[in-house]
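This report refers to the structure that appears directly beneath it.
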Amino acid sequence: MTKIRFQLLICFLIFSTSQVIAQSKMTRKELKPFIGNWKGRLTYIDYSSGKSYTMPANIEIKKGLNANELLISNIYPNEPEANSMDTLIISAKGNSFDGAAVKSITRLSVGSTQIITESSGTDGNEKKPALIRHTYTISKTNYSNTKEVQFFGETKWLKRHEYSYLKSM
């Protein structure tokens with residue numbers, strides 16, 4: 001498996017009765033639903049073959065030392081050598097999450113929240129410049145995290161990977 005920077009990503013359906021929050025700033029309140037143990041799967045596109053691959057993936061999310069951060073343990077039951085730790089941080093002004101600009105926060109009609117962030121970076125084996133979009137969707141029982149990229153000079157977005165989880169009780 002190509003080493004992918006493991007982050008939270010989102011994939012659940014957006015219902016037509018959603019309501020967009022006027023501001024694009026996060027607060028500590030948006031972090032609370034993430035905390036807990038989640039079991040699920042990772043589906044990613046292999047950079048070399050271009051084929052989709054799905055594997056078990058679990059995640060444990062705890063409060064960080066700072067109230068604006070989350071400590072993430074990514075756990076891959078079939079590939080423990082890929083396990084990793086990460087820290088996700090809301091900036092002091094609430095306008096960035098994990099170093100990416102918060103583009104929108106949407107409250108969905110089913111009691112879930114969708115957070116979309118974007119940042120410039122590189123992607124693929126060739127490390128081509130790209131705009132990187134992360135979509136986080138969270139509710140009391142479901143969590144998903146999707147990474148999409150748009151290479152500079154192109155208009156099409158490519159889905160790179162998607163984590164889908166159910167809350168463990």
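The values are calculated or read from the model by the stated rules, or taken from the named source; none is laboratory data. For clarity, every value in this text was computed on a predicted model and none was experimentally measured. Neighbour counts run over all protein chains shown; Cβ positions are idealised from the backbone, glycine included.
With the checklist (1) without any contact (Cβ under 8 Å) to a residue 40 or more places away in the chain; (2) out of contact with any Gly (no Cβ under 9 Å at 6 or more places or on another chain); (3) assigned to a strand (DSSP E or B); (4) not acidic (D, E) in hand, flag the one item T135 doesn't pass.
For T135, the failing item is (1).
Select from the stretch 142-156 the residues that are free of Cβ contacts under 8 Å to residues at least 40 places away in the same chain and either in contact with a Pro (Cβ under 8 Å, 6 or more places away or on another chain) or closer than 19 Å to L42 by Cβ (or both) and list them in ascending order. Give the steps one after another, and end with the answer.
Initial filter on the stretch 142-156 (free of Cβ contacts under 8 Å to residues at least 40 places away in the same chain): 148-156.
E148, V149, F151, F152, listed by residue number.
Out of the stretch 43-84, which residues are touching a residue at least 60 places away in the same chain (Cβ under 8 Å), among the hydroxyl-bearing types (S, T, Y) and not in a strand (DSSP E or B)?
If the condition is that a residue be touching a residue at least 60 places away in the same chain (Cβ under 8 Å), among the hydroxyl-bearing types (S, T, Y) and not in a strand (DSSP E or B), then Y47, S48 are the ones that fit.
Of everything in the stretch 138-151 that's farther than 19 Å from P56 by Cβ and either at pLDDT below 95 or acidic (D, E) (or both), which residue is surrounded by the fewest Cβ atoms within 10 Å (Cβ to Cβ)?
Step by step, filter the stretch 138-151, then rank; the result is K140.
Suppose we keep only residues that are hydrophobic (A, V, I, L, M, F, W, C) and at pLDDT 80 or above within the stretch 4-51. Which one would you say is surrounded by the most Cβ atoms within 10 Å (Cβ to Cβ)?
Within the stretch 4-51, the match that is surrounded by the most Cβ atoms within 10 Å (Cβ to Cβ) is L42.
I'm trying to understand the selection: among the residues of the stretch 107-116, which are in a strand (DSSP E or B) and either loosely packed, with under 14 Cβ neighbours inside 10 Å or among the β-branched types (V, I, T) (or both)?
Result: R107, T113, I115, I116.
Restricted to the stretch 64-78, and to residues that are surrounded by fewer than 16 Cβ atoms within 10 Å (Cβ to Cβ) and touching a strand residue (DSSP E or B) at 6+ places or on another chain (Cβ under 7 Å), which residue is farthest from T141 (Cα to Cα)?
Within the stretch 64-78, the match that is farthest from T141 (Cα to Cα) is N78.
Suppose we filter S119, S164, S104 for residues that are polar (S, T, N, Q), in a strand (DSSP E or B) and at pLDDT below 95; which single one remains?
S104
For the stretch 138-158: of the residues being assigned to a loop (DSSP other than H, G, I, E, B) and small (G, A, S), which is nearest to K32 (Cα to Cα)?
Looking at the filtered set, the residue picked out is S139.
Quick one: T54 ticks every box in (1) exposed (fewer than 15 other Cβ atoms within 10 Å of the Cβ); (2) modelled with pLDDT under 90 bar one, so which box is it?
Of everything listed in (1) exposed (fewer than 15 other Cβ atoms within 10 Å of the Cβ); (2) modelled with pLDDT under 90, T54 misses just condition (2).
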